[in-house]
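> Got a structure here, written out as structure tokens. Questions coming.
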Amino acid sequence: MLERSLLTLWEQNIPFLLLGGGSNILVSDKGVRGLVILNRCAKIKVKDSAGIQEIWAEAGGMLGQLSRTAAETGFTGMEWASLIPGTVGGAVYGNQVRTVVKYANASCWQKSCTVPKVNCHY
Ligand SMILES: Cc1cc2nc3c(=O)[nH]c(=O)nc-3n(C[C@H](O)[C@H](O)[C@H](O)COP(=O)(O)OP(=O)(O)OC[C@H]3O[C@@H](n4cnc5c(N)ncnc54)[C@H](O)[C@@H]3O)c2cc1C
């Protein structure tokens, strides 16, 4: 749904700013030009692929929940995020999860693609 909305905005040339938790932004008194979208696509789940567990998270998933899910699954590396009021998408954008990201699904200018970690420019 979010992806479809973004594609429509790109098609219509409508400027927008996508936000997660809003914990890492400063907004000018002049406001924001365009549409501000709060990402509430927040599913986080543990997937089992051929006996290997991995955590799959939507970009609007909260870092605290991701951190708890990781701990419950026996993974390390996300402890620092347990109390941060931000989202997975914000942390991917800000380069804060580089050690644990395997790949990211991204939408960009009318295209969707899977970006392996090696191409995330971390
Ligand atoms: C109290 C506190 C403690 C912190 N401690 C640490 C720490 O110990 N270690 C550490 O590494 N970091 C730390 N951080 C940083 C934290 O990881 C980031 O603030 C957080 O990940 C940003 O997420 P957000 O959803 O709030 O982003 P937002 O503030 O909503 O957005 C930040 C930027 O990301 C962009 N963005 C957000 N979601 C998406 C998306 N889905 N797709 C594309 N762009 C997107 C926005 O457009 C914006 O430019 C801390 C932050 C806070 C507030």
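The values are calculated or read from the model by the stated rules, or taken from the named source; none is laboratory data. What you see is a predicted model, and the numbers here were worked out from it, not measured in a lab. FYI the Cβ positions are ideal-geometry reconstructions off the backbone, even for glycines, and counts take in every protein chain you see.
> Inside the range 65-96, can you point out the residues that are within 8 Å of the ligand (Cβ to nearest atom) and either in contact with a helix residue (DSSP H, G or I) (Cβ under 7 Å, 6 or more places away or on another chain) or more than 18 Å from Pro116 (Cα to Cα) (or both)?
Trp80, Ala81, Leu83, Ile84, Pro85, Gly86, Thr87, Val88, Ala91, listed by residue number.
> I would also like to ask the following. From the set of residues in the range 83-118 that are small (Gly, Ala, Ser) and out of contact with any strand residue (DSSP E or B) (no Cβ under 6 Å at 6 or more places or on another chain), which is farthest from Ser23 (Cα to Cα)?
From the range 83-118, those small (Gly, Ala, Ser) are 86, 89-91, 94, 104, 106-107, 112; that's our starting set.
Narrowing further to those that are out of contact with any strand residue (DSSP E or B) (no Cβ under 6 Å at 6 or more places or on another chain): 86, 89-91, 94, 107, 112.
Numbers: Gly86: 6, Gly89: 12, Gly90: 9, Ala91: 10, Gly94: 11, Ser107: 22, Ser112: 26 Å.
Applying the filter and picking the extreme gives Ser112.
> Also: How many residues, within the range 78-95, are assigned to a loop (DSSP other than H, G, I, E, B) and surrounded by 18 or more Cβ atoms within 10 Å (Cβ to Cβ)?
Within the range 78-95, the first condition is being assigned to a loop (DSSP other than H, G, I, E, B), and the residues that meet it are 78, 82-86, 94-95.
Checking the rest, the ones that are also surrounded by 18 or more Cβ atoms within 10 Å (Cβ to Cβ) come to 78, 84, 86.
Residues flagged as assigned to a loop (DSSP other than H, G, I, E, B) and surrounded by 18 or more Cβ atoms within 10 Å (Cβ to Cβ) within the range 78-95 amount to 3.
> At least 2 residues that are near the ligand (Cβ under 8 Å from one of its atoms), modelled with pLDDT of 95 or more and surrounded by 10 or more Cβ atoms within 10 Å (Cβ to Cβ) in each: list the strands (runs of 3 or more DSSP E) lying fully within the range 1-64 that qualify. Walk me through how you get there before you give the answer.
Working: elements: 16-19, 35-38, 44-49, 52-57.
Hits in the range 1-64: 16-19.
> Looking at the range 65-77, which of its residues are surrounded by 15 or more Cβ atoms within 10 Å (Cβ to Cβ) and assigned to a helix (DSSP H, G or I)?
Applying the first criterion (surrounded by 15 or more Cβ atoms within 10 Å (Cβ to Cβ)) to the range 65-77 yields 65-70, 75.
Gln65, Leu66, Ser67, Arg68, Thr69, Ala70, listed by residue number.
> Related question: Given the options Ala50, Ala71, name the one that is on the phi > 0 side of the Ramachandran plot, without any contact (Cβ under 8 Å) to a residue 40 or more places away in the chain and hydrophobic (A, V, I, L, M, F, W, C).
Details: Ala71 fails: on the phi > 0 side of the Ramachandran plot.
Selected residue: Ala50, the only one of Ala50, Ala71 that is on the phi > 0 side of the Ramachandran plot, without any contact (Cβ under 8 Å) to a residue 40 or more places away in the chain and hydrophobic (A, V, I, L, M, F, W, C).
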